[in-house]
Each structure stands twice: as C-alpha cells, then as structure tokens.
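Heads up: the structure comes next, in structure tokens.
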Amino acid sequence: MTKKAQNQLSDGTMISDLIDLETREVQLRTLADREIYDLEQERLFGKTWLLLGHETEIPNAGDFIQRYMGDDSVLVARAKDGEVHVSLNVCPHRGMKITTSESGNTQVHTCIYHGWAFKSDGQFLGSPVADQCMHGKIKSKEELGLTKARVTLYGGLIFATWNIDGPSFEDFLGDAKWYYDMLFCRTDAGLEVAGPPQRFIVRANWKTAGEQSAADGFHTLTLHRWLGEVGNYSKKGEGEGKGSDLTEEMFGAEVSSPHGHALRCIDLSRKIRRLTGKDPSELSVEERLRTLPPPGMTAEMVDQLKNHFSDEQLEVMAWMPPQVGGMFPNIIFAFLYIPQPDGTVVGSLALHTYVPKGPDKLEFTNWILVEKGTPPELKENMIMQTTQLLGTSGMVEQDDSDTWPHMTLSAKGAQGKKLTLKYQAMYETGKPEGWPGPGIVNEGFTKDDTQWHWWLYWHELMTSES
Amino acid sequence: MSAHNITTDEQSVPIAIGSETYNEMLQFYYTEASLLDNIRLEEWGQMLAEDLKYGVPIRQTRMVKDTDATVVRSVQHYHDDYRSIMGRILRLSGKSAWAEDPPSRVRRFVSNIQVSKRENSDEFEVVSYLLITRNRFDDDFFDLIPCERHDLVRKTETGLKLAKREVILDQALLGTPNLAIFL
C-alpha cells in the first residue's frame, strides 16, 4: 500500500478531511463507513490503552475472563505469581479460540482443537504426543506463545494495549489523571466490581456512544427529560424553580484532554444547600465532604480521602467533583449522586465500554462498581439503583441505546452521509475562579469542547503515519 | 438444574395440567401477556404483589462442570422490587420515555407452564417458557428474547398476584438494545 493510499478512502476522500478543523464539524459518514472502521481497528484499537475489566473479577491464580480489544478476543488471566496477563485468544497453531468460556479458572489453557497448551501468561507449554514434536522444529517453543498485550492496572482496572513500545498509561491519561484518581483511587481498600458486566448489543457504530461519552451534558436536557418530569430530579429544593427543567443540573466545569479524555465536574452546591440548609461557602471542605460524601462512600469513610489526595483535589471533590465523562476511545464512567425521595443521596458507580462489532454494531459492556469498604446494605442499594438507572434496563440509558442506531442509519444515506456532526457550542470562559486542577478546564453550562477534543485525538491517530 | 432453581426448601405439590387451579393460573399468565403486549401497564401493575422481587440475572457461557455459574445474580439486567417497577411504569406512562415511544411491537408467547402449590400457603411456584418477539421502527428483523421464568404467584382476596419473578435469559450477550420492556 502506498503512503497516499493509507491516508485516503477508496472514493478519494482524505482521512484528514473527515473533520473540518476550522468549523468544528465531523462528517456523518464516520458513523457507518466500513473502511473507516477497519482503519480504526489498526490506528485506534491497535494503538491506545483499552479497558478490559477489573482485577477483582479474577482474584485467584488461574482465574481468567474473556474480553475484547476491538474485534479481537483476548484472554485476561491471573498467573501463579499474581500478575495479570492479557493474550490474544487465538491459538497460534490453526487459529482456534483458546477459550470459549467467558470466565473460569485453570492453570493450563488447552486448545480443544489439537491440544496445544498454554500457561496463564500465554507461554506455550507443548502439544500432545510430545515425542512426535507436533509443533515442529522450525520455531522454538518461546516463539509459539500467545500474542501478548502490554498490561497496566490502575485503581484495579485492567488496561491493555498492543502498542508495546508506545506511551505509558500515565502519559496516555496526562493531566486527566489528577481527576480520574478522584474516582478510581479514593479509598484504602479500593474499588471492586459488584459482579461480571452486563453485556448487550446495540446496532450502532461504536463512535455514536464514544463521542457522547466524551462528556455530552447537553443531551440530558432532552433525551433524559423524564428525570425531571417523573424521575429522581423531579423533586426540587425550595427556591430552585419549578417544572421539569434540568438546566440547573448542567452547570459546573468541564475538563478536556489532548488525548480525548473528558470529565464533567458538576457543582454540588445545590445538593449541599438542600441537605444542610446552609450556604456551602460557609462550610469547610471537610464539612462538605462529610455532608455529601463522594458517591458510594459513607461519612465515616471520608477520613480515608486524606490518605490519597492533595488539599487541592479534596477541594474539587467537595465543590465540583467529576461525575460523568469518558476515557478515550470507548469508555464512559458515571459516578453519580442520585437524589432519593426522602432528600438523601445514594451513589451509583458504573463504567462502560462500547466494544466495536463492525461498522454498525457495538457491544455495551457495563460494570457496576462499589468500594470494598462500603457497608453491605449501602452496596446492595447502590447495585439495585444503578441497575435501574444505567445499563440494560436502566431507565436513563435505555433512551441512549435507542438513539444511537438511528444515527448510524442516517450516516448510510447518500444525502445523510454528507451532513456533519457539529461541535460549535464553544466555551468562552476558562477555569472557574480559584480552580486548583490542571488541564483544559472551562466553567459554566455544558458545551461541546470536550467532545470536540475527543474527535481531535481521533483525527490525530487516524491520520498518523505510524 | 440447581442453577435455575429458585424454589425454597418448602414442600410443594404439583398441580395437574387441566385442573381448575391450573386453568386459573393459565388465565393469569394469558391476561398478563395480553396486558403487557397492549401496553396496559397500570393494569399490569395491579397484578403485582407489594412485596414483589423482580430479577433478570446475567447469563455466562461456561463449561458444563461450571453450570451453576451460568446464572449470575450479583449483577443482573433487572434488579427490582415493587417500588421500582411502579417507577418504571410511571416513566413509561409519561411523556419522554423515548426507548419505548414510539413503542416496540411486542408479542409474548407463554408456554410450558408448570405449577406447584406450596404446602400450607396460598402461594404457587410457576415455571413458564416465554418467547418475546420485539420489533422496532422499520426493522425487517425481530429481536427474539427467549427465556424461562420462575415465579411465585400468591392467591389473595383481590385475585392472583405476582410476588416473585426470576427470568433466566437464553443469551449471554443480549441481542436487544435495552430491556425497556417487561419480561
């Protein structure tokens, strides 16, 4: 393939022209095109760090789960020494899957086809009838192991990449790590999964969900309007206006990243005022954190925060903590303070990946998280609430999964594909006064900047030569 | 079948197919399917007991020796009680439940009903097969949701009430974009 061919589609369109950097528009065809999808598998899913699960899913030596990195099935396994390994779930012999189970425990993974056997770390052990040397003598055993991905654990989350010599995970997160730590590294014992993830298919291109994850706050007002009409936000505090309008919930600060990560930091003032009857500015950081602990934590657990965070981070956590956002390319997190009918708040912690399954299909994978140290009763409440609001039957996200397929259908029309996705609602504010955190930060009503930065990184990777 | 079994240690007695009690139960299930298919959700809500537990476990593909692990209840697709189901009905009856507005065309085929009565109680354990066909918009295909339901149905002064339901789906990777419909 010539260098030129790599940078253009078969109809002559330059990859770089799929996005108009001046007018902040993205061609709608990106949400359905097979060629673009295939390039993404190499240039995005073959290059960036990808979320595969949480180490509490495989606590014991020999435990494994089967997950996906782009289109590729991978084996995520814990070896005898406790290390987590990620290997391509494809037998190097004839291409059969090494495991067809979603999860399990075994010291040796044996391909059911010809019996080639591998350790949890992907190392080739041998093939049956050893004296016949059925793997031949051309390649050494060391060369016949499973293809290994590079792995990192962050807050117990398992990330892997095929980019063996690429940027570290820390570099990939960049400034955004300062904020992600507030979600994933809060307590002494750390997070755990409530169970295996929910998994279901949505007939839409993965980017319909991916770009929304990069902190689209605006859609909440319309698509999730029921929350204000009959849902958790229909009861308002005194002096907070009437009706089903969710506009007030959309104010805060939004963090963008040159690597497409995004966090919506939503102002807690109204909730704290509702709980205490006081102006939040009269309360210390600690008082605010005890009044309204980070979602999924109790007031008793707030002491632990000091072990993990700087004063500046604690200030943000008590003022405008990150609550919804994404990690490039296909992750969304929701760490929500959900108002209850009795005026209290119960947290919901969820993490999704939108796994590409072809240009017009994605797998929605939804993990529900809890802190290990959270009392069992609160954990149970959180799991029920999260299931009822997010994921498969979630009353919020069932509206999202019904919307994305229409966007992919639109992108197939001869005329529709000529339209553009527009990210032209731009911030003109900058950081909130006194904001102590790093990164590209803007204050006010939610805007398009974070999603635009998501597309800019997509553009950077899709047009990069290597 | 331990993975599918949600019955308690209490003794239960099989109810003969075709008996008066069985037919009464059959009527309950046909009525329920009809109300749900026709989106008469508030009327369906009246068939529910106020101590309802409603769950749809996750399924996992596992080896035969790990059959028990194919049904996962730690995290489920639905994890509800009476209050939350009524909340869902309220949402679906409101103005902005886009996932079902316009609604799916749904048909619930109920079959293979087996009933047993818990001794010394007014409660019946009912197992039924359910095949849901779901069609949306201009789709030229149907989402199929085959499953097995394990219910507890209680005889009360105001008729039969559903007190517990656990739905065992036949898919590990669910092929419909959401469960905005009741199973």
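Okay, here's what the table says:
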quantity: Members of region B:167-183 that are more than 9 Å from chain A (Cβ to nearest Cβ), in a strand (DSSP E or B) and out of contact with any Asp or Glu (no Cβ under 8 Å at 6 or more places or on another chain); calculated: B:L169
quantity: Cross-chain or 6+ apart pairs with Cβ under 6 Å, region B:90-116 first and modelled with pLDDT of 95 or more, then polar (S, T, N, Q); calculated: B:A99/A:Q398; B:A99/B:N178; B:R105/B:N135; B:R107/B:T133; B:V110/B:S128; B:I113/B:S128; B:S116/B:S12
quantity: Residue among A:F335, A:F328 that alone is among the aromatic types (F, W, Y) and in contact with a His (Cβ under 6 Å, 6 or more places away or on another chain); calculated: A:F328
quantity: Residues located in region B:48-83, provided they are more than 11 Å from every other protein chain (Cβ to nearest Cβ) and surrounded by 18 or more Cβ atoms within 10 Å (Cβ to Cβ); calculated: B:L48, B:L52, B:V71
quantity: Pairs with Cβ under 6 Å, 6+ apart, first in region A:388-402 and under 16 Å from A:T222 (Cβ atoms), second of a type in the set (K, R); calculated: A:M395/B:R91
quantity: Tally, over region A:358-402, of residues that are under 16 Å from the mean Cα position of the chain (by Cα), of a type in the set (D, E) and within 20 Å of B:G55 (Cβ to Cβ); calculated: 1
quantity: Count of residues meeting criterion [out of contact with any Lys or Arg (no Cβ under 7 Å at 6 or more places or on another chain), among the polar types (S, T, N, Q) and surrounded by 17 or more Cβ atoms within 10 Å (Cβ to Cβ)] in region B:84-101; calculated: 1
quantity: Helices (runs of 4 or more DSSP H) (entirely within region A:172-272) containing at least 3 residues that are within 14 Å of chain B (Cβ to nearest Cβ); calculated: A:206-213, A:220-223, A:226-229
quantity: Evaluation of A:L52 against (1) buried (at least 22 other Cβ atoms within 10 Å of the Cβ); (2) in a helix (DSSP H, G or I) (one fails), failing number; calculated: (2)
quantity: Options B:R149, B:R134: the member that is surrounded by 15 or more Cβ atoms within 10 Å (Cβ to Cβ), part of a strand (DSSP E or B) and within 13 Å of chain A (Cβ to nearest Cβ); calculated: B:R134
quantity: Matching entry among B:I58, B:I89 (being under 18 Å from B:R165 (Cβ atoms) and in a helix (DSSP H, G or I)); calculated: B:I89
quantity: Hits in region A:310-368 - residues which are polar (S, T, N, Q) and under 26 Å from A:L292 (Cα atoms); calculated: A:S310, A:Q313, A:Q323, A:Q340, A:T344, A:S348, A:N366
quantity: Residue in region A:284-295 that is modelled with pLDDT of 95 or more and either in a strand (DSSP E or B) or within 30 Å of A:I65 (Cβ to Cβ) (or both) present; calculated: yes
quantity: Qualifying positions in region A:10-49 - assigned to a helix (DSSP H, G or I) and in contact with a His (Cβ under 9 Å, 6 or more places away or on another chain); calculated: A:I15, A:S16, A:L18
quantity: Criterion violated by A:S393 - all others in (1) away from every other protein chain (no Cβ under 14 Å); (2) crowded, with 18+ Cβ neighbours inside 10 Å; (3) touching a strand residue (DSSP E or B) at 6+ places or on another chain (Cβ under 7 Å) satisfied; calculated: (1)
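Conditions (1) on the phi > 0 side of the Ramachandran plot; (2) in contact (Cβ under 8 Å) with a residue 24 or more places away in the chain; (3) surrounded by 18 or more Cβ atoms within 10 Å (Cβ to Cβ), marked per residue:
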| residue | (1), (2), (3) |
| --- | --- |
| A:D342 | no, no, no |
| A:T353 | no, yes, yes |
| A:P356 | no, yes, yes |
| A:K361 | no, yes, no |
| A:M407 | no, yes, yes |
| A:S410 | no, yes, no |
| A:K418 | no, yes, no |
| A:L421 | no, yes, yes |
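Residue by residue, here is whether (1) charged (D, E, K, R); (2) touching a strand residue (DSSP E or B) at 6+ places or on another chain (Cβ under 6 Å); (3) surrounded by fewer than 17 Cβ atoms within 10 Å (Cβ to Cβ) holds:
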position: A:V26; (1), (2), (3): no, yes, no
position: A:R34; (1), (2), (3): yes, no, yes
position: A:L39; (1), (2), (3): no, no, no
position: A:D71; (1), (2), (3): yes, no, yes
position: A:V74; (1), (2), (3): no, yes, no
position: A:G82; (1), (2), (3): no, no, yes
position: A:S103; (1), (2), (3): no, yes, no
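The values are calculated or read from the model by the stated rules, or taken from the named source; none is laboratory data. Only a predicted model underlies this, so the values are computations on that prediction, with no experimental measurement involved. Positions of Cβ are generated from backbone atoms using ideal geometry, with glycine treated the same way; all protein chains shown enter the neighbour counts.
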